[in-house]
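The values are calculated or read from the model by the stated rules, or taken from the named source; none is laboratory data. The structure displayed is predicted, hence computed values, not measured ones. Glycine gets a Cβ as well: all are built from the backbone with ideal geometry, and neighbour counts include every protein chain shown. Keep in mind that these areas ignore ligands, DNA and RNA; they rest on the heavy atoms of the full protein, side chains included. Shrake-Rupley method; radii C 1.70, N 1.55, O 1.52, S 1.80 Å.
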Amino acid sequence: MPGNVLARRSPAAAWLAENGAVAALVVLVVALSLLSSDFLSLTNLLNVGVQAAVTAILAFGSTFVIVTGGIDLSVGSVAALSAITLAWTATDAGVAWPVAVVVSLAVGVMAGLVNASLIAYGKLPPFIATLAMLGIARGLALVISQGSPIAMPEAVSALGGNLGRYLPIPVIVMVVMGVIAAVILNRTYTGRAMYAIGGNEEAARLSGIKVDRQLLITYGLSGAFAAVAGIVLASRLASAQPQAAAGYELDAIAAVVIGGASLSGGKGKALGTFVGALILAVLRNGLNLLSVSAFWQQVVIGAVIALAVLVDTLRRRGTY
Amino acid sequence: MPGNVLARRSPAAAWLAENGAVAALVVLVVALSLLSSDFLSLTNLLNVGVQAAVTAILAFGSTFVIVTGGIDLSVGSVAALSAITLAWTATDAGVAWPVAVVVSLAVGVMAGLVNASLIAYGKLPPFIATLAMLGIARGLALVISQGSPIAMPEAVSALGGNLGRYLPIPVIVMVVMGVIAAVILNRTYTGRAMYAIGGNEEAARLSGIKVDRQLLITYGLSGAFAAVAGIVLASRLASAQPQAAAGYELDAIAAVVIGGASLSGGKGKALGTFVGALILAVLRNGLNLLSVSAFWQQVVIGAVIALAVLVDTLRRRGTY
Amino acid sequence: MSEPILRAEGLRKGFPGVQALDGVDLSLCPGEVHVLLGENGAGKSTLIKMLSGAYRPDEGRVLMDGRQVDIRTAGDAQRLGISTIYQEFNLVPELSVAENLSLGRPPRRFGLIDKGAMVRQARELLARVEVDVDPRTPVARLGIARMQMVEIAKALALNARVLIMDEPTAVLTTSEVDKLFVLVRQLRDEGVAVAFITHHLEEIAAIGDRVTVLRDGRSVAEVPADTAQDELVRLMVGRPIDQQFPRRPAELGEPLLKVTGLSRRGAFDDVSFEVRAGEVVGISGLVGAGRTEVARAVFGADRYDSGEVTVRGRRLPPHDVHAAMEAGLGLVPEDRKGQGLVLTADIGENLGLVTLRDATRAGFVDRKGQRTAATKVADQLAIRMTGLNQEVRTLSGGNQQKVVIGKWLVADAHVLILDEPTRGIDVGAKVEIYQLVNELTDSGRAVLMISSDLPEILGMSDRILVMARGRLVGELAAGEATQDDVMALAVTEVEGSRAR
Amino acid sequence: LGLAGCGSEGGSSGGGEQAGVKIGMSVSTLNNPFFVQLRDGAQAQAAKLGAALTVTDAQNDASQQVNQVQNFTSQGMKAIIINPVDSNAAAPAVTLADRAGIPVIAADRGVTGAQVAQTVASDNVAGGKLAAEELAVQLGDKGQVIVLQGTPGTSASRDRGQGFEQGIKAFPGIKVVARQPADFDRTKGLDVMTNLLQSHPDVTGVFAENDEMALGAIKALGDRAGQQVKVVGFDGTPDGLTAIQNGTLAASIAQQPRLLGQQAVDAAVKAAGGATLEKTMAVPVKVATKENVAEFLTS
Ligand SMILES: Nc1ncnc2c1ncn2[C@@H]1O[C@H](COP(=O)(O)OP(=O)(O)OP(=O)(O)O)[C@@H](O)[C@H]1O
Ligand SMILES: Nc1ncnc2c1ncn2[C@@H]1O[C@H](COP(=O)(O)OP(=O)(O)OP(=O)(O)O)[C@@H](O)[C@H]1O
Ligand SMILES: [Mg+2]
Ligand SMILES: [Mg+2]
């Protein structure tokens, strides 16, 4: 029976085989601990967590989209637009901050729904639809803010701080969003429909799944996650910036793909994405700690990303 | 007989159906001619050509990659690296400029071969392999140039000028590269293999195509085209900049996709890509002529890109 | 006769360049198996897709229990109690068998998916179709025959009143077909209306009650299922066919393909055989016997652990398709969509794929020459198309299969391995392919034919090898062998076999 | 290849040996020669004073910058120089360092909403005003002007643009006929200027919010640059100064980035030693023109 081979392996080994990027993360952490004495302190590790938060939250949202076989280039811009909206409605428009938060999330969801409508009804390739939204959302953020940063309401800015003495709230938000993403992907109708659509859209449709509606939900979720990421980002800076999170879409997609998802759809896990985002954050943190020169940093980051995924694919081939 | 319906359509209509983005380009040109009296002059149209050149050349290279079902995020960085290499070898290293040009092209090809090796032998997803190269090539460009622009050799800078009184050399280079790309895609073994690999890699392999080798050629070509684009770009400025062409990869991919290619592979044409690049250049030119405010420009660009492709897909559905 | 559950009237459907269906009526009655018969491209699949919500008719209407219904989506059809097994696989390869079985309607508890219940339901369904797979296995890992059984189980899960099956037996071996027929009869007796498409004429009398024959998008006759096969053929192709298996043994020459001790852990073990010039060697066996795996390993598509493959005296390097092709091997794979066709390309392009290298001079492809060769093969196989530039994706299933075979005919291989070559091909075209096999062997070439179609194996091979559980368990001379002989060998328990 | 500088820099702090005071510096971007010079000045000064300087590149991303400052605190830096990506967004980073008891020096841009030990800066708004005045002088108080804007939403673009608008109001004879973004990029400066010349062929002046765009505009203008059309840039980069020398660039608002870097390191070393500093240290912006360009080129 084909099942045997898998069953014979230890559960730990099986888990590792399923979540390959973890191995790369461990190697990276060990290497950095040896290279820099500052790396393995609690504060620094919490810093890494905080620094991973925004990318991770964006990447959770992108995981939904990538699982359906799509791509969302607009997440960075949508994050900025949502944050600007929040700050603007709370400050210039003078609305109570909880309302402003709701409005801001709604803006994120709206952007996602527009993406999905262009894709599902307009038959645009996701790349084009979300590239258009990348420009539109960024432009609107600039228009609303008139190009200047807007201070975040105090109450919301607290999100950028700590709970108690040590626990950074962005890390908590990241974990909560990760759990939500995992539950959606694994346990809900929509989540499983995402895999079906990404694996074989025609089969999904012929099995009675309303593909268009599920795409609306998928991109809407991605927009909502982007909004949360934008709010966390702006809270950390205590100010919403129209240029915030520019280019983060590539980081988000990279985190998802490092985490084992495939851009052709049907594969991807929240945990993998989380590990992917951590790898990127650890890498940047480590290079700072090691004081690698700015020009070399990009080279090193590129090389280590390639190596990390290489470790994973080679190991997987060995297993097979 | 079944053939009739197709045969009955006029050749022009059939051609348009095959090259959909052309319709969008025509609409855009007509609209801009009406909105701005300055648009439809020979000089301005040649300007648009010059401004499209770099994106178009990058996009021709990306067409190869996208046809195989891959993606190349490194083209902008590789363009910069090649240009910096040229300027540096010709200036600081004091090598004769024709040699420097060859070295520069070789650097582009090398970068492509590294990408392809990571993909074909390392089994990295193209997104990750080329994202790594995006960082590495940009970093190396900064390292070599120490972050400062380097003057291009005079002889090469002539590439940025005109042939005779009017004809801009970048436009000529663009057209030549486009024809080369079209011939490769349509008439060569490698070109046809690209379509087969992008359409169904397994079927291609079982038909005797050495997929790994063809991927090496594909990404090598993309690197070579990027090098040419980098040289043209640097020639226009008479100076090679380490930060040149940053973010151009998205423009290049957008041009290819607007031109009718699919990111899942197997489809794409040089002519379509050319039209896609023209649409982007016309759009930017038009917005400048119309003096659209800086904040609104991104919104308008995003919206028009979505509309242009929408026109195309809706028209196609009508035909169907 | 009772009232029909479902009635279609005057259905018409056109695609660019072709009128696939041109005014067809069909009634499906409870407790009756209605067979749809027709050549490749006659419009059978198009017809049933309009009943299942995959296509919308250009004209005509569908009635359920005498009332007109509007089937816009697959969901609508499901709600009306229509369940469909499509000709092309409609499973999600990345998902597990259990998830595929409950695709679109997973069991839920408190709004969340109940994975335990899902697996339990899957076990029951799989037991019903007597398939022994772990419901948690990803579908991508299953062989093509098991996928089909999963597909059948999925259709049963709906407990539908109308069950539509588009060539469900094309990829099954005799024993699975028998299991399927037991199931279908049971459903029929429970009052389900079944529509059944097949190209295996002997199945019609075995399972069918009535037959509707389609030709060129029109229904040309409705006859009882016990109509003589010759008459059915005549109705279908418009002329009689003399002989179904026109094998013409050729003179045997040197061994062209020699396989010795080929083994791969978990797949096949110590497989040795040879194929001589002018010979057709058939390989028979149950699903999962490892035939496809051996064929792929011989061709260099997959690796093997030990053994050797020699073609025309030259030993082939393992796992090297290119070297195998150079040596004169060719492989028509069993999975046309997954391994045979570039679906995004047109027919001409696909037909020229194998010969692309030979048609290249100094890097440039002689596309005119390619087209000429493609035209010839397309004519030879009577591929029903609007032209060479029609996308393969839009061909009917049988015509797609012809393209897969066609590209190797262009290539002129010395030893051609055919894995389920006539799957989904109509009787007329089958005979054409058999004639081609005869021509190949006449000219001193050799054919290794894997087929789950026993009459075909018996009728077309000179020698039959039988595989069971990854091993060769016997050899029969074609002249004397009967279906029972082959089956007896195929179910042999292999003592001490480690292959599984 | 000139890698030596980078290599030694990595070596000294990577080993963590006490070669001198450990100072961390987060530069907003090294994608722009101006900041490369700022860094060079800082590094030169650090070498002179024997301080161990670590430079990071925030790639114009305010949150990256906070990350980097956060990382500096884990590394036990004795002082931090921050060249803010954005004045507002730098506040949390400064607060962070404050809590760790590390003095912060702001370089080139101030920090709004948090206290730093010293701000070493040249005033972008004042620079923009100066640019307007210089352009007016060169144009003889009349003419049509095009403004090439930097990346929309960045503080440099905002402040310089604002200063220029304020300054140009004093000259009613001068009309700004177009404002278009070229993202501080030379190629875009070239393309946008080329396009604008189609709709505004009669321009006589250009203000570019940095030298890179100004050099692009000069390329677009060809022979007209420095003759019929006066281009004023901002930053005083080496390429910009050379263009002034050649007469193609009419003027640039020279910020003396090397001096900025030097002063910042000076201040950082002092602050690390516990000294109290003046709240601001103004590095003068100067108008570099053909007449005085020589003095900038040597410095
Ligand atoms: N999407 C499509 N676009 C264009 N033509 C199509 C499309 N689908 C089917 N056709 C054409 O419609 C005709 C009928 O096809 P259909 O699949 O119904 O045949 P079939 O009777 O099922 O044949 P087979 O026995 O080979 O499965 C064929 O000529 C086919 O090429
Ligand atoms: N990648 C895989 N992982 C696990 N099991 C596999 C894999 N590929 C094939 N198998 C199993 O190995 C067995 C042999 O399959 P193979 O396709 O070779 O059999 P076959 O005799 O050709 O039968 P078929 O009639 O299905 O073609 C099947 O049970 C199949 O499910
Ligand atoms: Mg069919
Ligand atoms: Mg098989």
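Here are some notes:
- For the chain pair D and A, the buried solvent-accessible surface (1.4 Å probe, both sides summed) amounts to about 2600 Å².
- Summarised in one figure, the compactness ratio Rg/Rh of region B:204-277, Cα atoms and Kirkwood Rh, is 1.06.
- Computed over region A:139-252, the P(r) tail beyond 18 angstrom holds 63 percent of alpha carbon pairs.
- nm² value of the averaged projected area, convex hull over the Cα atoms of region C:255-490: 12.4
- Taking a sphere under 15 Å around the Cβ of D:R158 and counting the other residues whose Cβ falls inside, with K and R at +1 and D and E at -1, yields a net charge of -3.
- Among A:R205, A:R236, A:R165, residue whose mean-square fluctuation peaks in a GNM of chain A (springs only between Cα atoms under 10 Å): A:R165
- Net charge of the neighbourhood of D:K142, taken over other residues with C-beta under 13 Å away and scored Lys/Arg +1, Asp/Glu -1, is 0.
- Centre separation in Å (Cα based) which lies between region C:447-488 and region C:14-41: 35
- As computed over region D:216-299, the Cα convex hull volume per residue (Å³): 91
- Buried on complex formation within region D:40-84 (loss of at least 50 square angstrom of accessible surface versus the isolated chain, 1.4 Å probe, ligands and nucleic acids ignored): D:S63, D:N67, D:Q70, D:N71, D:S74, D:Q75.
- Heavy-atom accessible surface of region A:51-314, averaged per residue, reaches 28 Å², computed with a 1.4 Å probe.
- Overall dimensions of region D:22-107 as given by Cα atoms, namely Rg and Dmax in Å: 11.8, 33
- Rule-of-thumb Rg ratio for region C:420-500 [Cα; 2.2 N^0.38 Å; N residues]: 1.22
- Solvent-accessible area lost on pairing B with A (1.4 Å probe, both sides summed) amounts to about 3400 Å².
- Among D:A47, D:A268, D:A126, the largest mean-square fluctuation in a Gaussian network model of chain D, built with springs joining Cα atoms closer than 10 Å, belongs to D:A47.
- Unit charges on C-beta of K, R, D, E only; dipole of region C:255-490, Debye: 760
- Under-5 Å amide H pairs with C:A20, H placed in peptide plane, nonlocal only: C:K13, C:G14, C:F15
- To the nearest ten degrees, helix C:144-156 and the longest principal axis of the Cα atoms of chain C are 10 degrees apart.
- Of the residues D:N124, A:V228, B:G70, the one whose Cα sits farthest toward the positive end of the charge dipole of the protein assembly as shown, with +1 on the Cβ of Lys and Arg and -1 on the Cβ of Asp and Glu, is D:N124.
- Highest-fluctuation residue, A:S74, A:S157, A:S41 considered, GNM on chain A with Cα pairs under 10 Å: A:S41
- Across the identical copies, the label point of B:G161 (7 Å from Cα in the Cβ direction) is separated from its matches by 6.5 nm, in order from shortest.
- Residues of region C:360-402 whose accessible area, computed with a 1.4 Å probe over protein heavy atoms, drops by at least 20 Å² once all protein chains are present relative to their chain alone are C:G363, C:F364, C:V365, C:R367, C:T386.
- Taking the charge dipole of the protein assembly as shown about its Cα centre, with +1 at Lys and Arg Cβ atoms and -1 at Asp and Glu Cβ atoms, the residue from A:I209, A:A254, B:A182 reaching farthest to the positive side is A:A254.
- Relative contact order [Cα under 8 Å, 6+ residues apart], chain C, whole percent: 16
- Computed over the alpha-carbon atoms, region A:228-320 gives an Rg to Rh ratio of 1.03, Rh here being the Kirkwood radius from the mean inverse distance.
- Principal semi-axes in Å for the protein assembly as shown [√(5λ), Cα gyration tensor, largest first]: 63, 33, 31
- Compactness of region C:183-268 as Cα Rg over 2.2 N^0.38 Å, two decimals: 1.73
- In region A:51-314, the alpha-carbon atoms span a convex hull of 133 Å³ per residue.
- Partner shielding of D:180-190 amounts to 5, given as the average count of beta-carbon atoms from other chains within 10 Å of each residue beta-carbon.
- For the peptides B:195-202, D:202-209, C:109-116, the ranking by packing is D:202-209, B:195-202, C:109-116, with the highest mean count of neighbouring Cβ atoms within 10 Å listed first.
- At least 30 Å along the helix axis (C-alpha) and Kyte average at least -0.5, DSSP helices within chain A: A:42-67, A:97-120, A:211-237, A:294-319
- Positive contributions from Lys and Arg (+1) and negative ones from Asp and Glu (-1), summed over other residues with Cβ under 14 Å from the Cβ of D:G110, come out at -2.
- Crossing angle, helix C:397-411 versus chain C [Cα axis fit, 0-90 degrees, rounded to tens]: 10
- The distance from the alpha carbon centre of region D:38-82 to that of region A:103-159 is 33 Å, rounded to a whole number.
- For the listed peptides D:215-226, A:60-71, a ranking on the average number of other beta carbons within 10 Å per residue, highest first, reads A:60-71, D:215-226.
- Taking every protein chain into account, the accessible area of chain C amounts to 39 square angstrom per residue (probe 1.4 Å).
- Taken over region C:71-155, the ratio of Cα radius of gyration to 2.2 N^0.38 Å equals 1.08.
- Shielding by partners - mean other protein chain Cβ count within 10 Å, residues of A:233-245: 6
- Cα centre as origin, Lys/Arg/Asp/Glu Cβ charges: chain B dipole, Debye: 800
- Per residue, the convex hull volume that the Cα atoms of chain C enclose (Å³): 157
- Straight-distance candidates among the lysines for linking to B:K123, with alpha-carbon spacing under 24 Å and chain neighbours fewer than 8 residues away dropped: A:K267, A:K269, B:K210, B:K267, C:K337.
- Sulfur and carbon atoms: percent of accessible area, region C:6-237 [1.4 Å]: 45
- A dipole drawn for the protein assembly as shown from +1 and -1 charges on Cβ atoms has a positive end, and of C:G313, B:L263, A:G160 the residue lying farthest that way is A:G160.
- Delta accessible area of at least 40 Å² on complex formation, residues of region C:57-76, 1.4 Å probe, chain isolated as reference: C:A74
- Karplus 3J(HN,Hα) series, Hz, for region D:244-252 with 6.51 cos²θ - 1.76 cosθ + 1.60 (x for Gly, Pro): 5, 4, 6, x, 7, 9, 6, 6, 9
- In degrees, nearest ten, helix D:4-14 long axis to first principal axis of chain D (Cα): 40
- Portion, in percent, of the accessible area of region A:254-299 that falls on carbon or sulfur, probe 1.4 Å: 64
- Relative to one another, the C-alpha centroids of region C:119-172 and region D:188-232 are positioned 70 Å apart.
- Take each residue in D:104-114, count the other chain C-beta atoms within 10 Å of its C-beta, and the mean is 1.
- Spin-label model, D:E295/C:D70: points 7 Å from Cα along the beta carbon direction are separated by 8.4 nm.
- Heavy-atom accessible surface that B and C bury in contact, both chains counted, 1.4 Å, Å² to 100: 2400
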